[in-house]
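For reference, the structure is listed below as C-alpha cells.
The values are calculated or read from the model by the stated rules, or taken from the named source; none is laboratory data. Here the structure is a predicted model, which is why all the values come from computation and not from measurement. Virtual Cβ from ideal backbone geometry, glycine too; neighbours counted across all protein chains shown.
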C-alpha cells in the first residue's frame, strides 16, 4: 500500500463515524426499526396532539378515517421518499448537507434545527412539569404563560436537570428510552380504556358500551364533536389527513430521519415506521383525546387547557405521573441533544460547553410557558415547512439528477465554498410556502407538498446553471478513490467487530424477561380491560379503577427494574461475546 | 326638490337604522321538560315584541345538555347564548368565570321578588348568575282519607318518628296500599337527593370541615337504617327501581299512603290524572328535632355563557322569560295551576294562584326554610342541600346511591353499603382534591 493510501486510510479511521457512510456490518433488520419508531412516536407529545385534535373540532368519523389515511401517507412517505435516499447514501441528512451543500446551508439548516428541537424539548419538559406540579400543590396552569412562580421554578428546574442529563448522560437516557416503548403502548391504551366508562356515564347514565357504534356515538358527542374551542365548526377530513401526514414532515419529506434509516438493510424497512405512525399516532392520539376529554369533564375545565399531568393522573393514577415524566424526558432528551449538536454546528468557534448552556438556557425559559406545548402541532407543521425544501433538494440530487445525466454530488466535485443553487432554492421555497400560507389558499398543513415539489424543480434548473451537468474528471477520480478506501476501512472494521446483535438467552434472563412482560404489561392490560368491560355501574367502576391504579404503579416499578436489568445483562453478554470472539447465537 | 331630498334622506336613515338594528339570533340550549317546552311555545310573544331578536331552540335530554353545555361553556366557545342550568351548576360555573352576572336587569324585573333561597342558590359572591324559571323544595304528601280512617292527624311539621309510626299503621299490603313511598332508584339526583336531605335532618353531613367523608357516622347509619327498615317493612315492592316518576304513578293510583318528594308533584297528585285527587294533604318534610328538615332546594334557571356574543339580547330574553309578566302569560294561556312554581314571592301573594294550587303555601314554606349555605346541623365546607356543590359530586352521589339501592334490594347488608359509600367517597374526593 502506498503512503498516500495509508495516509488516506488513517485519516478515514480518524474521522468521526458520523461523517462516514454506515458500514454494511452495522446495518439492522426490521425488528430494530419496529421498536425504534414505536418508542420515538409514543411519547408525551401524543397527549398534547390528541387534545389538539379535539380543540380543533374534528368529528369522530373524520378522526377515524382521516388519521388512518394521514398516517398511512406518512408511512408511505418514509418508505418511498426517506428510506431509499437513506439506504443509498448511508448518511445522515446533516452529514449529507455538510458534504454537498457548502458551508452556509448546513449552518442555516442547523440554526433552524436548533429552534425546532429547542421548542420540542421545552414543550416536553413543560408536559413533565404539569405532572410534578400536582405533587407540589401548584394550581393548574390554564394560560399560555405561567401564573404561578413555583410552576416556573419546577419547569425551569426540570429543564436544568434535563440539560445536564443530555450533556453528561445522553446515552444512558437514550438506552432507558428503548425499554419504555412496550410500556408506553400499554399505558396509552389502558388510559383511554379506564376513562371511557366515566365519560359514557356522564352522557348516557350507563358505564357500559354495548357496541362499537356506542363508542362512536360517545366519542362524537363528548370528544370529537365537530365544534372547535372557539365554538365554530371544526376542521374537516382533509385537515385531519393533512395534520397526521404533516406532523412528521421534517422527518419524512424533510429527510431528517435519514439519521435513523441509514442503518436499514433495505429501503422497504421504511414500512417499519408503521409502529410509530399507526400505534403511536393513530391509537395514542385517539386514546389521549378520550383521556383529555374525560378529564376536562371531571375537572370542569376546557380540554384546550387541561394539563397532560392531570389527564394522566385521572387515567392511570400515580402511574400517570411516571408516564408523563418519563415520556416527557425521553422525548426531550434526544431533542436537547440534537439541539446541542445543531447549535455547535452553527457556532463552531464557541466552546461546546458554552453553546450547550446557551441552548439549555433557551429551553429553561421556554419550558415555563405552556403556550409552546399547546401549540406543538402547528409548530411541527411549520417546522416541516421550513425544512422540507432541503428534503426536496436532496431528493432532486439523488433521484432526478442521475436520470438527467447530472452529477448527484456536483457541488462537492466542483469544490466551491457555498452551494448557491441550494441557498437560492431554499429562499424561494420559504417565500413561496409562507406566501401561500399568508394568502390562505390551501390549508397550511399541506403547504409542504407544493413547496417540496417547487424545491425539486427550482434546484434542478439552478444546479444545471451552476454546473451540475458538467464533468469533473479529477475530482471524480479522487472521490472514487476515497470511496474505495472507505469500503476497505469498513471491511477491516467488519472483520474486527461482531455484527450479530445478541439478545440475552440465558435462563435467568429469560425468567426476568417473562416477569416484566407478564407483570409489567399483561397485568395492567387485563386490569384496564376489567375497568372497561366489567363495570356495570359507577360504584363497580370506581372499585375496578382504584384496583387498576393501586396495582399498576407496582407493576410499573417491577417493569422498569427488570426490563433495565434484562437490557444490562444482555449487553454484558454481548460485550463478553465480542471480547472472547466466541460464536454466539444471533437474534 | 328640497322635500324630495329630505324624504330620500329620511328613508335612507330609516333603512340605515334598520340595517344597524339587524336581527340577532339567540341560541338557547335547554332541557326537554314541560316548563321549557311551554316557554318555547310562548316565546313567539317575545319575538313579536322584539322583532330584532330571533330565537333558535336546542332541546336535549338532561345528560346530553349537561355534557354539551359544559364542553362549550368551558372553552367559552360561544355556541350558546342562553343555557338552562340548575342550582348545582350555577355556583361552580360562576366561580370559574363561565357565566355572565345578571346585573343591570331592568327595574321592572324586580329581582328582589325572587325567593331569597332560590336567589342565593343561583348566586356566587353575592351576584346572581341564573334567572330562575322553576323552583322546588320537598314536602310530605299524604292520603287524608287513609289518615282519617286510621284516626291519625298529620301535623304541619311532622317528625320522622311520626312518619314512621303512621306509615306502619297505614300499610295495607293486601289492598296494595303501602305505608310510604320514597325514592329508591340510584342516582345523585334520584335516591341520593332524598337520602341526603333525610340525612341532613338526622344531623349527618357528607364531609367534615377537613373534607373527610362522614358516611360512616352514627347519623348516616341511623338515616340509612331507618330508611331501609321502613321501606322493607311498609314500602312498595322493588322500591330500588322507583324514582320520582314511578312514585308519582304509585301515589296517583292510590298505592302510597305517604310520599315525601319534590313540591313539583303537588300539582300532579291533585290533577285529573290522579285517582286520589280529592284526598291529598300536604305537610312539611319531616325532621328529627335537630333544626334541619328533609326538604331540599332546586331551581332550573336561564344563564348566559361568558362566550356569548349577544349578551345584551340574551339578557332581554331572560328578563322576559323569568318575569312576573311571563307567569301571568302562562296563567292566561294555560291556567294558574300550570304556572311554573317556586321562583317569585309575588306568585305566592296572588290569590288566583293560591286558589289553583292548594299546596302553594306549604311549597313556599318549604322553599323559605331551605338554606343551601348552611345545609346541615354541623358545620360543613360546602354548600348545597341535597347535593354537594363540587364537580365530583355527580359521580360520588351516583356511586353511593347504587350501594344504598343494593342494600334496599337486600343484596348487601346496610353496614357494607355504608362502608362502601365511605370508601368510594373518600377515594374520589381524595383524587379530586389532590389535583386542586
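Remarks
- Boolean, residue A:201 is within 13 Å of chain B (Cβ to nearest Cβ), farther than 20 Å from residue A:47 by Cβ, modelled with pLDDT under 90 and under 32 Å from the mean Cα position of the chain (by Cα): no
- Filter result (touching a residue at least 24 places away in the same chain (Cβ under 8 Å), in contact with a helix residue (DSSP H, G or I) (Cβ under 6 Å, 6 or more places away or on another chain), part of a helix (DSSP H, G or I) and farther than 28 Å from residue A:561 by Cα) within the stretch A:521-546: A:532, A:538, A:541
- Residue satisfying condition, being modelled with pLDDT of 95 or more and facing another protein chain (nearest Cβ under 9 Å), within set B:401, B:395, B:410, B:426: B:401
- Comparison of B:99, B:115, B:65, B:60 shows that the only residue that is within 16 Å of residue B:318 (Cβ to Cβ) and in contact (Cβ under 8 Å) with a residue 24 or more places away in the chain is B:99.
- Exclusive hit being in contact with a strand residue (DSSP E or B) (Cβ under 8 Å, 6 or more places away or on another chain) and in the same structural domain as residue B:242 (by TED's automatic domain parsing), set B:217, B:201: B:201
- Test: residue in the stretch A:228-248 that is touching a helix residue (DSSP H, G or I) at 6+ places or on another chain (Cβ under 7 Å) and either more than 18 Å from residue A:377 (Cβ to Cβ) or without any contact (Cβ under 8 Å) to a residue 12 or more places away in the chain (or both): yes
- Just one of the listed residues (B:228, B:224, B:163, B:180) is in contact (Cβ under 8 Å) with a residue 24 or more places away in the chain, crowded, with 21+ Cβ neighbours inside 10 Å and out of contact with any helix residue (DSSP H, G or I) (no Cβ under 8 Å at 6 or more places or on another chain), namely B:163.
- Filter result for residue A:306 (more than 29 Å from residue A:88 (Cα to Cα), touching a helix residue (DSSP H, G or I) at 6+ places or on another chain (Cβ under 9 Å) and not in a helix (DSSP H, G or I)): yes
Table: residues versus (1) surrounded by fewer than 23 Cβ atoms within 10 Å (Cβ to Cβ); (2) in the same structural domain as residue A:158 (by TED's automatic domain parsing); (3) touching a helix residue (DSSP H, G or I) at 6+ places or on another chain (Cβ under 7 Å).
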| residue | (1), (2), (3) |
| --- | --- |
| A:313 | no, yes, yes |
| A:333 | no, yes, yes |
| A:348 | yes, yes, no |
| A:362 | yes, yes, yes |
| A:373 | no, yes, yes |
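- Qualifying residue in the stretch B:377-388 (condition: touching a helix residue (DSSP H, G or I) at 6+ places or on another chain (Cβ under 7 Å), part of a helix (DSSP H, G or I) and away from chain A (no Cβ under 14 Å)): no
- Residue within the stretch B:18-29 that is outside any loop (DSSP other than H, G, I, E, B), closer than 25 Å to residue A:295 by Cα and at pLDDT 90 or above present: yes
- If you go through the stretch A:385-432 and pick out every residue that is touching a strand residue (DSSP E or B) at 6+ places or on another chain (Cβ under 6 Å) and surrounded by fewer than 24 Cβ atoms within 10 Å (Cβ to Cβ), you end up with 2.
- Any hit, the stretch A:230-245, residues being under 30 Å from residue A:90 (Cβ atoms) and either surrounded by 24 or more Cβ atoms within 10 Å (Cβ to Cβ) or outside the structural domain of residue A:32 (by TED's automatic domain parsing) (or both): yes
- Filtering the stretch B:80-104 to residues that are surrounded by fewer than 23 Cβ atoms within 10 Å (Cβ to Cβ), outside any helix (DSSP H, G or I) and facing chain A (nearest Cβ under 9 Å) leaves only B:96.
- Restricted to the stretch A:436-449, and to residues there that are in contact (Cβ under 8 Å) with a residue 40 or more places away in the chain and not in a helix (DSSP H, G or I), the residue that is surrounded by the most Cβ atoms within 10 Å (Cβ to Cβ) is A:447.
- Filter result for the condition that a residue is assigned by TED's automatic domain parsing to the domain that holds residue B:233 and modelled with pLDDT of 95 or more, over B:161, B:156: B:161
- Residue B:209 vs. criteria in contact (Cβ under 8 Å) with a residue 60 or more places away in the chain and either buried (at least 23 other Cβ atoms within 10 Å of the Cβ) or touching a helix residue (DSSP H, G or I) at 6+ places or on another chain (Cβ under 7 Å) (or both): no
- Test for residue A:410: is it touching a helix residue (DSSP H, G or I) at 6+ places or on another chain (Cβ under 7 Å) and within 16 Å of residue A:108 (Cβ to Cβ): no
- Flag for residue B:273 being assigned to a loop (DSSP other than H, G, I, E, B) and in the same structural domain as residue B:103 (by TED's automatic domain parsing): no
- Of all residues in the stretch B:330-351, those that are more than 18 Å from residue B:30 (Cβ to Cβ) and either within 14 Å of chain A (Cβ to nearest Cβ) or not in a loop (DSSP other than H, G, I, E, B) (or both) total 12.
- Residues of the stretch A:532-543 satisfying the condition of being within 15 Å of residue A:206 (Cβ to Cβ) and either surrounded by fewer than 23 Cβ atoms within 10 Å (Cβ to Cβ) or more than 9 Å from every other protein chain (Cβ to nearest Cβ) (or both): A:532, A:533, A:534, A:535, A:536, A:537, A:540
- Qualifying residue in the stretch B:237-244 (condition: under 21 Å from residue B:159 (Cβ atoms), in contact (Cβ under 8 Å) with a residue 40 or more places away in the chain and assigned to a helix (DSSP H, G or I)): no
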